[in-house]
Amino acid sequence: RRVAQTLLALFSPIYVFQVTRGLGGTEKTAILYVILYIFFVLIFKFVSMVYAENLSQRVGFKGTVWVSSIPFFLIIPLLILASINFYLFFVAAVFWGIHSGLYWWGYHGYFIKSGDTGAYGQGIGEAKFLDTLAIVLTPIFGAVVTEAFGFFSTFILAGVFMLATLIVLGRKNDVAQKRDVKLPEVIALIKSHKSVSLAYVGLQAEFTYYAVAWPLFLFLVFGRVISLGIIVSAATLIAAIAGVGIGRLVDKKGERR
């Protein structure tokens, strides 16, 4: 699923930019539309997470992940058709946000409920290792596919990887959320854990920068998708290696420092 998500997050902003420019928009206008596109994703991710909590009580956490695949598979034809009707970009962004919110809740809920409570650190480490591996390899892989076959093939490939996600996940041994969480409780937690909440805001800001400014900057500087893929893959690899060193530093110095 991380491969599918990275293919969309990295290459769809470039696609939005190119389509806007092809329709006669200025460079500044194209960048503005990319920002709006990502803004729609984030807004509807937040909205769908509110409903995901209730959905997970009815269909389970795996069931919520399965439901999230419906809007995901709608994103791909919408992106393709957006080359003809530009406003479909924003419809695709709405479905992407809905998918992200539902998937986020289903994935993390299932991880917490089914994980080994005595080895959460190891479980998170294994998940992050696979996550990082996907993020390192996907940009260069997606860039090669895009250069050779175009953006449409890259988006269809994202759908193939999402389908593989569902096959591997299956429906057996699902667990459902039992306790209903109210929005005021979440707000109260945000207020009582200010530093952690601020860290989440920073993480989301980093994602937004990564999704908009970083790929557009690289694409505008080098003018080729393949250059974008090589640099992002190399940067992610360096970050992954640095992460090991930072992890050891955390063990010695503590998390807060």
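Points worth noting:
- Where the Cα pairs of region 170-257 fall when distances are cut into 5 Å bins, in %: 3, 10, 10, 13, 14, 12, 15, 14, 7, 2, 0
- 222 nm mean residue ellipticity, helices alone, for the chain (DSSP H n ≥ 4; -39,500 (n - 2.57); rounded to 500): -29500 deg cm²/dmol
- Considering all C-alpha pairs of region 72-213, those separated by over 23 Å amount to 52%.
- Using a Förster distance of 25 Å, the FRET efficiency for ILE246-GLU185 (Cβ separation, nearest 0.05): 0.15
- Against the rule of thumb 2.2 N^0.38 Å, how large the Cα Rg of the chain comes out: 1.05
- Note on LEU36: accessible area is roughly 60 Å² with a 1.4 Å probe, heavy atoms of protein only.
- Angle between the chain longest axis and helix 225-253 axis [Cα atoms, degrees, rounded to 10]: 20 degrees
- Crossing angle, helix 27-59 versus the chain [Cα axis fit, 0-90 degrees, rounded to tens]: 30 degrees
- The 1.4 Å probe gives accessible areas that order ILE230, ILE98, largest first, as ILE230, ILE98.
- Debye log10 I(q)/I(0) at q = 0.16, 0.18, 0.23 Å⁻¹ for region 48-140, Cα point scatterers: -0.80, -0.92, -1.08
- Shape call, region 152-216: gyration tensor on alpha carbons, a/c limit 1.5: oblate
- Three-way shape label, region 1-77, alpha-carbon gyration tensor, a/c 1.5: prolate
- With the simple spin-label model, which puts each label point 7 Å out from Cα in the Cβ direction, the LYS113 to PHE129 separation comes to 2.7 nm.
The values are calculated or read from the model by the stated rules, or taken from the named source; none is laboratory data. Bear in mind that the values here come from a model prediction, so they are computed numbers and not experimental data. Backbone-built Cβ (ideal geometry, glycine too); neighbour counts: all protein chains shown. The protein model used for the area step is the full one, side chains on, heavy atoms only, and it has no ligands, DNA or RNA in it. Shrake-Rupley method; radii C 1.70, N 1.55, O 1.52, S 1.80 Å.
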